[in-house]
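A short worksheet on the structure shown next.
The values are calculated or read from the model by the stated rules, or taken from the named source; none is laboratory data. None of the values given here were measured: they were computed from a predicted structure. So basically every Cβ, Gly included, is an ideal-geometry build from the backbone, and we count neighbours across all protein chains shown. Ligands, DNA and RNA are stripped out before the accessible areas are found, and what is left, the full protein with its side chains, is counted by its heavy atoms. Shrake-Rupley method; radii C 1.70, N 1.55, O 1.52, S 1.80 Å.
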Amino acid sequence: MRNALSVALAALVHDVGKLYSRAHWGEHPEGMPDRTHTAHTARFVLRHAPLWERAGVGTSWLAQTASRHHEGWRDRPLYQPKTPEEWCVALADTYASQEREGEGSGTPSEVALKPIFSRLRLQGKEGEEDLGLSPVHGQGTGLTPGSPYPSRTPNTGKDVYRRLVERLEERLKGLVQAPALSPEGLLLGLAAALQETLSLVPADTQSEPDVSLYDHLRLTAAIAHALWLYHGGNPSVEALRQDGEKFLLAVGDMGGIQGHIYRIAGAETGVGGIAKRLRARSLEVSLAGEAMALGLLFRVGLTPLNRILGAGGKFYLLLPNTPEAQKALAEARGAWEKWALENGASLLPYLAWVPLKGEDFRRFPAALQRAHRALAEAKLRPLSALTPTEAVREALRPCAACGLRPARKDEPGSLCLGCERERELGGLLPRSDRVGFFPDGAPKPFLPFPPLKAALGQGGFGAPPHHTYRARADFAPDGAPFEVKPLLGHLPTVGHALRAKGWNLEEYGKWAREEGLWDEEEGLTKDRPLTFSELAHLSQGVPYLGGLLLDADRMGEAFATGFRREEKDLATPSRIAALSRALEWFFSVEVLELIQNPSRYGGLLGWNDLEAQRKAERYPLLYSVYSGGDDLFLLGPWDALLDFALDLERLYRLYTRHPALTLSGAFLLFPPKTPVPQMAQALQAAEKRAKGEGRGRLFLFGLAVPWEEFPALRAWQEGLRRYLQGERVSKAQAYRWLSLWQRFMAADLDEGERMAYKPLLAYALRRVREKDEETWKGYLKLLDHMDPAWRYLPVWVQWALYLERRA
């Protein structure tokens, strides 16, 4: 009986020969029976025999099982499936290839991967055409931060594929030299190397090249693994080929996320370690969903490759439809509901599943709809798996911070274990670069999820975890099971402040005392997270904390109907997974990289050297409450955060290149001791106003402004600052303009009544003319009521005034 992991491995490498075939297109390498990609796959496996043998996988078996996956190749019987393992891989390949619609032409090595966003039709609009992704680019080779941005002249060709081959061979060399190599470590280490090298090349160059080779290989491996487990590891060919409800599509979700994150009762931001605890609580929410998914997969005998997609905060798992899997799902639901109740039930886990046939991969949107209906029904019955006695808790003093969990001591001000742990985890975050999941033996402090415990680490762990998430885009395998998942976010530290100000620790301490920010309990070290009060006082101008909430518009529509056409629904599992992964990459990797290493994007966004230096000093001061899925919430010095928002929106447009894929959100200023729930509620209300006025807008300074208006408004803001500094315009004059705008534009007046502002503004501007004729001529544009400078006057005027004011 063949091990299911070995079958998944064969499926994962079944088309890797396409990489080598394109690198040697038109050539006939010595010792190969032909030039097909299947022959290259077999050769790839045979050349790396020591790697498979280390993990206990037979090389000859793997070469045959991976390469014999084309049932339809009647003229090439060498590559037709014969054994059950070969048929399992072949069927999985077929189920995962539903987007292949016809024959094309052209040299495969010259065909670029089309961005998945270009296939979406939203609001009657489609993405830009004639775009492609470059596998080798200015940032390096393969998938890196700053790389998945399409262009009209993508870098393709045999030389590009040879560079990718070199990178893959380098990664495999590191894998075979790893101190220890388990079968799971081999599978996931190889998957990471393929993610890096094959995410920017197409799986199919002869029809519609909009699905990456990595996405295809990953989905094929997931299907093959679940299918083999369904048959108990010893099926006949006839049993494999006979379709039926062999799969389960499980979907999980966490309810009450925002309320759970922001419920820090009776505390002011930046006081008592709230900055640390808020980030730790946000991390807890992210890791809870991950732990639920991983725990289920490990229980069933699968790997994280069977988490086939994530969208809208949900995860989707492909499982075998076996009694063992159904029992694992039911037990997981009960365990997680019990965990939720013990932690105050502010975070509610939901889990649902539906059966799936092989033919359902052709109609995958319908399968998703069934899963969503089952999840909606589950949400009508929260905590339904608990017995009445389990739903009753002993009456204890509530925690003084969260107000939900019982305090550890029956004393005023006592905290629960969870809130104490949050502060400790928050202090570790700046020094951590990974998350480990442990069945037991996790290093403290850890998050105790059922059945896995999640702990933070730097460079590794004393005892090896069952699975690791790396917080940076580091794909180098080390023999242990891992994935690249940047969930730790960014927590600005004193070290970031020193760089921004050009100070040493002594100078920073002196400044903190002068500003009334010194906290003896917090101390002063470079890796200490900054409090919200410190972040506010690091603003240029008025010392306010900026809050930014952004959401990707129309993503629900994109997943539900974006691939639908009049004649056919193009929403295959691979396309939906590719869309999910592309979105997740932007909001987790690209956002984080723009905060931590903005100079990477200087060329893409057209910054000069001075701008790049200023952003490199200021953007690391931003605090990520959360960023992932399709939205984000950031805090930080308000001036840096507003600049960041404008850069991020431009980056998103360059990433998607689709007119209907926009961002909507809110940017507000807060006194630094504003309670976190109050900030969140204000930002959510403002974001709702931005979406209500047409989406693709940022709400700030009382107005919802289309993003395309900001370059001109920034120019007006910069001009006003120069005139204020040169005393050609007084602050009183600027406040007079604001007063007139509020009187005539914000009031409930008809169009004729609003025009009464013009003579009053012209009269006010005479003061400007007395000081400088040219300045006065420039501001005469404000008499045009249709000009954006007048329509959005409160934005650029307050922007300039706040930059020039210091409390």
query = Could you give the Stokes-Einstein D for region 529-700 in µm² per second, using the C-alpha Kirkwood radius, 10 °C, 1.306 mPa s?
reply = 94 µm²/s
task = Output the direction-averaged projected area (hull surface divided by four) of the convex hull of the alpha-carbon atoms of region 4-231, in nm².
result = 13.4 nm²
key: Sum of side-chain charges, A291 neighbourhood, beta-carbon under 11 Å (Lys, Arg +1; Asp, Glu -1)   = -1
15 Å reach of a label modelled at R472, 7 Å along Cα-to-Cβ, counting backbone N of region 123-163 = 144-146
note = In region 48-131, the trypsin sites (Lys or Arg not before Pro) that sit in a DSSP loop and have at most 10 other Cβ atoms within 10 Å of their own Cβ are R74
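As an exercise, use a Förster radius of 35 Å and the Cβ-Cβ distance of R47 and E126 to find the FRET efficiency, rounded to the nearest 0.05.
Working: r = 43 Å, r/R0 = 1.22.
Approximately 0.25, to the nearest 0.05.
Tell me, in nm to one decimal, what length is gained between E238 and Q742 on full extension, where the rule is 0.36 nm per residue of separation less the Cα-Cα distance? Show your work: numbers first, answer last.
On the way: separation 504, 0.36 × 504 = 181.44 nm, distance 7.66 nm.
Taking E238 through Q742 to full extension adds about 173.8 nm, to one decimal.
With n ≥ 4 as the cut-off for DSSP H runs, can you work out [θ] at 222 nm for the chain, using -39500 (n - 2.57) per run divided by the number of residues, rounded to the nearest 500? It would help to have the intermediate numbers written out before the result.
Numbers: 32 runs with 365 residues, N = 807.
Only helices count here, giving -14000 deg cm²/dmol.
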task = May I ask for the angle, rounded to the nearest 10°, between helix 505-514 and the longest principal axis of the chain, with both axes built from Cα atoms and the value confined to 0 to 90°?
result = 50 degrees
request  = Between the alpha-carbon centers of region 49-80 and region 495-550, tell me the distance in whole angstrom.
outcome  = 59 Å
key: Residue-wise HN-Hα coupling along region 408-418, computed from phi with Karplus coefficients 6.51, -1.76, 1.60 (Hz; x: Gly, Pro)   = 6, 10, 7, 9, x, x, 6, 9, 7, 4, x
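Taking 32 Å as the cut-off for C-alpha to C-alpha distance, list the pairs among K338/K673; K114/K501; K246/K338; K568/K688; K357/K691 that go past it. Mind showing how you got there, number by number?
Details: K338/K673 35 Å; K114/K501 43 Å; K246/K338 30 Å; K568/K688 34 Å; K357/K691 39 Å.
From the list (K338/K673; K114/K501; K246/K338; K568/K688; K357/K691), the Cα-Cα distance tops 32 Å for K338/K673; K114/K501; K568/K688; K357/K691.
Mean separation of Cα pairs under 8 Å and 6+ residues apart, divided by the residue count of the chain: what relative contact order is that in percent?
Working: 1503 pairs, mean separation 102.2, N = 807.
Dividing the mean separation by the residue count of the chain yields 13 percent.
Given R₀ = 30 Å, FRET efficiency for S151-N597 by Cβ-Cβ distance, to 0.05?
Working: r = 21 Å, r/R0 = 0.71.
Calculated value: 0.90.
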request  = Take the Cα atoms of the chain, build their convex hull, and give its volume per residue in Å³.
outcome  = 183 Å³
ask   = Restricting attention to region 757-807, which trypsin sites (Lys or Arg not before Pro) occupy a DSSP loop and are surrounded by at most 14 other Cβ atoms within 10 Å?
value = R805, R806
query = For G460, what is the net charge nearby, where nearby means another residue's Cβ is under 10 Å from its Cβ and Lys, Arg count +1, Asp, Glu -1?
reply = -1
FRET efficiency estimate (nearest 0.05) - Cβ-Cβ, R35 to Q206, R0 22 angstrom = 0.90
note = Between the Cα axis of helix 731-744 and the main Cα principal axis of the chain, the angle (0 to 90°, nearest 10) is 70 degrees
note = With the convex hull built on the alpha-carbon atoms of region 315-429, volume per residue in Å³ sits at 145 Å³
remark   = For the pair E507 and K357, the simple spin-label estimate (label points 7 Å beyond Cα toward Cβ) gives in nm 7.2 nm
remark   = Taking alpha-carbon centroids only, region 329-381 lies from region 695-744 a number of Å equal to 49 Å
ask   = What is the distance in Å between the Cα centres of region 594-612 and region 757-793?
value = 35 Å
request  = Sketch the reach of a paramagnetic label on L386 as a point 7 Å from Cα along Cα-to-Cβ, and name the residues of region 303-342 whose backbone nitrogen lies under 18 Å away.
outcome  = 330-342
Relative pair counts by distance (%), Cα atoms of region 500-550, 10 Å bins = 21, 57, 19, 3
message = Counting just the Cα atoms, what span does region 462-532 cover along each of its three principal axes? Round to the nearest Å and put the largest first.
response = 51, 24, 20
key: region 4-231, relative contact order [Cα under 8 Å, separation at least 6], %   = 27 percent
key: Built amide H within the under 5 Å cut-off of F482, gap 5+   = G189, T468
note = Per DSSP, the loop-located trypsin sites (Lys or Arg not before Pro) within region 529-607 having at most 16 other beta carbons within 10 Å are R565, K568
Virtual spin-label span in nm between A560 and Q80, 7 Å along Cα→Cβ = 4.6 nm
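Net charge within 11 Å of P448 by Cβ-Cβ distance, Lys/Arg positive one each and Asp/Glu negative one each, not counting P448 itself?
Working: positive: R421, K444, K453; negative: E284, E342, D440.
Its environment carries a net charge of 0.
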request  = Report, by chain and number, residues whose modeled amide H sits under 5 Å from the one on K453, excluding near sequence neighbours (fewer than 5 apart, same chain).
outcome  = F438
The chain, accessible area per residue, ligands and nucleic acids excluded (1.4 Å, Å²) = 39 Å²
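Quick check: at a probe of 1.4 Å, how many percent of the accessible area of the chain sits on carbon and sulfur atoms? Write down the numbers at each step before the final one.
Details: 15340 of 31530 Å².
Exposed carbon and sulfur together represent 49 percent of the surface.
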ask   = Kirkwood Rh over Cα pairs of region 713-804 into Stokes-Einstein at 37 °C, 0.692 mPa s: D in µm²/s?
value = 248 µm²/s
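Show me 411-417, 421-427 ranked by packing, highest mean number of other Cβ atoms within 10 Å first.
Details: 411-417: 14.7, 421-427: 20.6.
Per-residue mean Cβ counts within 10 Å order the peptides as 421-427, 411-417.
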